[in-house]
């Protein structure tokens, strides 16, 4: 297993969307605005999942800690629905952007850190975090320590048993080598949660943000935004705009297929709410 310093090389500052990287030319400003609108639209799917979980528990308002919050788009949108939101990320760049772009209360911290010591939350979420870690059980136990007694854990990871993974094999985007260290199946994630004292209370296999994008990036990896950021050179703004337009069209066209695979239980995302076994029985 690679050490932390080796892994950090694969998360350069360009890995994070800044909202400011195209701040001067008119075409670039338009692309930046469109990208932000798109991001907030697809992440609204995450907010709806959280709201369904809160409604099932009879919560009108709730506190949420998002571990691996990135630049904070999800918790920003959640805050607009009346939730008390907080973020944590190992990246100082991501935390700074969450504060600067959205004015969020985000703190830098790794799994096991005391960044939010002494706090308890109604929900702790980890969207596409566990697959990046060498020990997912430790991460779940850490999240559990930050939950209220009746609190819920929300987890999302790529589904290695999805139709996409079967179709594309080693070319499937959800593998994301070398950043992803663990591949999860639904049965494997359920077993991990059971062994750490949780029971799944809600599950889904479709994420509007992740499933169509994974399919599109598997079909045309040369158009993938993260990959293009790593290859980007100055002076190619029109080519970059064309690539983004083509990628957007491909993602939009992938939505029906990604939705269909999710409806048959073979979607590219495993998305669950889980609660401690004793709190479910009560």
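The values are calculated or read from the model by the stated rules, or taken from the named source; none is laboratory data. Since this is a predicted model, take the numbers as computed values, not measurements. All Cβ positions, glycine included, derive from the backbone under ideal geometry; neighbour counts span all protein chains shown.
Details
- Against the conditions (1) surrounded by fewer than 15 Cβ atoms within 10 Å (Cβ to Cβ); (2) more than 20 Å from the chain's Cα centre (by Cα); (3) in contact (Cβ under 8 Å) with a residue 24 or more places away in the chain; (4) over 19 Å from residue 153 (Cβ atoms), residue 249 satisfies every one except (3).
- Single unsatisfied condition, residue 140 versus (1) part of a strand (DSSP E or B); (2) buried (at least 22 other Cβ atoms within 10 Å of the Cβ): (1)
- In summary, residue 169 fulfils each of the numbered conditions (1) more than 20 Å from residue 263 (Cβ to Cβ); (2) in contact (Cβ under 8 Å) with a residue 40 or more places away in the chain with the single exception of condition (2).
- Filter result for residue 111 (in a loop (DSSP other than H, G, I, E, B), within 24 Å of residue 39 (Cβ to Cβ) and in contact (Cβ under 8 Å) with a residue 40 or more places away in the chain): no
- Test: residue in the stretch 24-31 that is over 20 Å from residue 133 (Cβ atoms), over 16 Å from the mean Cα position of the chain (by Cα), modelled with pLDDT under 75 and not in a helix (DSSP H, G or I): yes
- Of all residues in the stretch 82-96, those that are surrounded by fewer than 24 Cβ atoms within 10 Å (Cβ to Cβ) and either touching a helix residue (DSSP H, G or I) at 6+ places or on another chain (Cβ under 6 Å) or in contact (Cβ under 8 Å) with a residue 40 or more places away in the chain (or both) total 2.
- Number of residues in the stretch 54-98 that are farther than 28 Å from residue 134 by Cβ and assigned to a helix (DSSP H, G or I): the value is 7.
- Matching entry among 161, 110, 135, 114 (being closer than 20 Å to residue 71 by Cβ and out of contact with any strand residue (DSSP E or B) (no Cβ under 8 Å at 6 or more places or on another chain)): 110
- Matching option when the condition is modelled with pLDDT under 95 and in contact with a strand residue (DSSP E or B) (Cβ under 8 Å, 6 or more places away or on another chain), among 87, 70: 70
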